[in-house]
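Engineer: Quick one: this structure, given as structure tokens, is what I'll be asking you about.
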Amino acid sequence: MLRKLSGLLILLLCTFGNSVHASIVDLTHIDPEEGEILNGKWDFYWNQFVSADHPGVVDSEINLPCYWSENYPSFGYATIQKQVILPDAEKLLGLEIEHIHSSYRVIVNQDTLYRSGVTHMDPDLHEPHRQPAVIPLRGYTAGDTITLSIQISNYSHYLAGVEGNIKLGAFKDLENDMFREEALNLFVAGSFIVITITLIVFYIMFSFHMQRMRGELISYALFCLVIGYRIVGSGSYPLHRLIHNMDYELSIRLEYMSFFLAAVAGIVYMWNLYPKQSNQLIVFSYAGISLFGAILCTFLNPVAIVLVSKGHIFLSAFVTIHAIQVIYRAIKEKEKSAKVIAMACAIMTILVVLQMVIAVDGIMPNNLLLTIGLLLFSFANNIALLERFIYGYKVYHSKQREAEISQNQKMLMSLVAHEIKTPLSQLKLNAEMLQMLSENGEMDKFKEKVPKIVGRTSASVENLNGMVTDLMHFTSQHNMSKNPYSQECIVERMQNEINAKVTDLTKHKNHVVRTNETVMEYLLHTLVNNALKFTPEGNNPPEVIISDKRGKMIISIVDHGIGMSEEDQKELGKPFIKMNLKKDGTGLGFYLTKNLIEGLGHELTVESAIGEGTTVTLTLDAYNSNALNRMRLRKPTVKDKEPKSINGKLSEELNVA
């Protein structure tokens, strides 16, 4: 009699509270809109499919979420069960299942509400499937006590059990929460895919000057691609919600293949960043092992793939230590972007540690935490790559500039060697003639020819002197400084120094241009002298006309000389081209002038017609600001040959303009 009373008392306690029996939980006090996670202790029935109308014998209690493989074989079937007293709710209640390995059936009392795959005692009839679900609990009212049974069978995965939460709450709220999580995962995965596409486009567009960054871009693009897939193809598996009939075995292979490929891309990316600091043996060994693991994923069964990946995670921990050493050396040696990469490496180290803990069943994976970590990792790497690209871009252009300078100098030397032959030959001929007259005692006899010889000698010397002047200006063009100068200063300088009439037709008299005044004076001298050289005697002399148009200051050198044909104009400015061989000249003038003008950032155009003359036009960017009324410009003087400077305030405001 006493034994019967004791049993009745235990039954009553089990019915009205969850403090005595862990598999009963009272949810009458909860807010359905907030929901309740049904983690904690559940009754566990090993190798039994039980429900409310088919009771079994409890083997033990397990704490969810967990894998049952700690105390039981991974392969087999089982039932987890809990009694739940439903809360008072006006809305339809629902049950959220995040993830269970590898097929399961949800039964409430005697009703089967959901199936994922086919659960079966026979491995041959078992069909695995993985898909998160929100299940509506229709037909149940507040205060009802339901028996929640989840039958699980696993013959397809090394891990077996419940991974993730089981949550009870308002059906629509649970469904919306899952939708938001899937949308977030798809957004993050899409971000990684967009980064991959951007890097590939970036590589194609700028590969001509990104020799050193090619490995970094390709390896990081591959990393982003596989991580983007892992976000939707693992964890909460949003991809499986989109593709309901996705093959289980294929999804396992892709999931773990992406894991191994991410390891390959990551270590190769690190090696490309800092090859001097990396240990090649470690890098290539780890990359080779990871690549071999990815290949194994194509033909090993899912169980073996998971076992291989668990061992690889611990190898990744060792390589992470090496990566930390590489980053430390890079920072110490002041490598580019080392501190930003260190931040990214710290984030990845945390993620690897979390994966290790997950691998030994210490905790369940937190997908949101992993996703945020990967986003931060990607952001840091994007910043580092951008910084390295900007640096590489500057280095590339610096090298291009140096190569251009070297090429120009070689070209100039060839031009000088080519052009200097004529005046030197003339000097040599004149010297030989004078020497011959002196030796033969015929100096008095041919004294009327001596002035002509001296004149030709003087002209040859002038030509040589002109070439030296051209050479000096050309070789210094890469160090030309540009400063702001007022229109008044430039016009007055030209009127005093240029051997031609200067006419100012500008509408506004307060223009300011950025140029090198000394070089500009040399250029105008050269252009005016060329105009004089090709203007026959008796024609109107060349003139300089200054005008303005749409924020430009225009300086035109107009002559009324012999002009040029269209063919000559096409050849104008090319090296080793000497226009009109009947005239004396070095052949360097216009070639050097054109290069100097382009070096200052100005524009040069030529218009000409045979017999009508030539107009050479310089176009300079001009600033027209009322601020000039508040600024002080240096007034030019006739003897002032140095570039004019103005106070720092003007310079600063012009830079802003």
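The values are calculated or read from the model by the stated rules, or taken from the named source; none is laboratory data. Computed from a predicted structure; not experimentally measured. Ideal geometry is used to build each Cβ from the backbone, glycine not excepted, and the neighbour counts take in all protein chains shown.
Engineer: Looking only at residues in segment 386-432 that are under 29 Å from Lys452 (Cβ atoms) and touching a Lys or Arg at 6+ places or on another chain (Cβ under 9 Å), which one is modelled with the lowest pLDDT?
Structural biologist: Within segment 386-432, the match that is modelled with the lowest pLDDT is Glu419.
Engineer: Given the conditions (1) without any contact (Cβ under 8 Å) to a residue 24 or more places away in the chain; (2) more than 21 Å from Phe171 (Cα to Cα); (3) under 49 Å from the mean Cα position of the chain (by Cα), which single one is not true for Leu125?
Structural biologist: (3)
Engineer: Is it the case that Val106 is under 42 Å from the mean Cα position of the chain (by Cα), hydrophobic (A, V, I, L, M, F, W, C), in a strand (DSSP E or B) and at pLDDT 90 or above?
Structural biologist: no
Engineer: Take Ser74 and tell me if it is assigned by TED's automatic domain parsing to the domain that holds Ser153, assigned to a helix (DSSP H, G or I), touching a strand residue (DSSP E or B) at 6+ places or on another chain (Cβ under 9 Å) and in contact (Cβ under 8 Å) with a residue 24 or more places away in the chain.
Structural biologist: Against the criterion (assigned by TED's automatic domain parsing to the domain that holds Ser153, assigned to a helix (DSSP H, G or I), touching a strand residue (DSSP E or B) at 6+ places or on another chain (Cβ under 9 Å) and in contact (Cβ under 8 Å) with a residue 24 or more places away in the chain), Ser74 does not qualify.
Yes/no per residue for (1) touching a residue at least 40 places away in the same chain (Cβ under 8 Å); (2) aliphatic (A, V, I, L, M):
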| position | (1), (2) |
| --- | --- |
| His244 | yes, no |
| Glu249 | yes, no |
| Ser258 | no, no |
| Ala262 | no, yes |
| Gly266 | yes, no |
| Tyr269 | yes, no |
| Tyr274 | yes, no |
| Gln277 | yes, no |
| Ile282 | yes, yes |
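Engineer: Would you check if there is a residue in segment 365-377 being at pLDDT below 70, part of a loop (DSSP other than H, G, I, E, B) and assigned by TED's automatic domain parsing to the domain that holds Cys224?
Structural biologist: yes
Engineer: Taking into account only those residues within segment 127-149 that are closer than 24 Å to Leu242 by Cβ and not charged (D, E, K, R), which is surrounded by the fewest Cβ atoms within 10 Å (Cβ to Cβ)?
Structural biologist: Pro136
Engineer: When only residues in segment 503-523 that are surrounded by 20 or more Cβ atoms within 10 Å (Cβ to Cβ) and hydrophobic (A, V, I, L, M, F, W, C) count, which is nearest to Glu543 (Cα to Cα)?
Structural biologist: The qualifying residue nearest to Glu543 (Cα to Cα) is Leu523.
Engineer: Another question, then. So is Thr526 among the hydroxyl-bearing types (Ser, Thr, Tyr) and either surrounded by fewer than 21 Cβ atoms within 10 Å (Cβ to Cβ) or out of contact with any helix residue (DSSP H, G or I) (no Cβ under 6 Å at 6 or more places or on another chain) (or both) or not?
Structural biologist: Criteria not met by Thr526.
Engineer: For segment 94-126, which positions are surrounded by 17 or more Cβ atoms within 10 Å (Cβ to Cβ), over 22 Å from Glu36 (Cα atoms) and β-branched (Val, Ile, Thr)?
Structural biologist: The answer is Thr119, and nothing else.
Engineer: Sticking with this one: Out of the residues in segment 162-192 that are modelled with pLDDT under 90 and β-branched (Val, Ile, Thr), state the one that is nearest to Gln151 (Cα to Cα).
Structural biologist: In this case the residue turns out to be Val162.
Engineer: Please determine whether any residue of segment 320-340 is out of contact with any helix residue (DSSP H, G or I) (no Cβ under 9 Å at 6 or more places or on another chain) and at pLDDT below 70.
Structural biologist: no
Engineer: Hey, can you tell me all the residues within segment 288-305 that are surrounded by fewer than 19 Cβ atoms within 10 Å (Cβ to Cβ), closer than 18 Å to Arg230 by Cα and either in contact with a Ser or Thr (Cβ under 8 Å, 6 or more places away or on another chain) or of a type in the set (Val, Ile, Thr) (or both)?
Structural biologist: Result: Ile295, Thr298.
Engineer: Within segment 31-81, restricting attention to residues that are buried (at least 17 other Cβ atoms within 10 Å of the Cβ) and among the aliphatic types (A, V, I, L, M), which residue is farthest from Leu125 (Cα to Cα)?
Structural biologist: Leu38
Engineer: Would you confirm, using the coordinates I've provided, whether Ile597 is at pLDDT 75 or above and either closer than 25 Å to Ser458 by Cα or in contact with an Asp or Glu (Cβ under 9 Å, 6 or more places away or on another chain) (or both)?
Structural biologist: Spelling it out, Ile597 is indeed at pLDDT 75 or above and either closer than 25 Å to Ser458 by Cα or in contact with an Asp or Glu (Cβ under 9 Å, 6 or more places away or on another chain) (or both).
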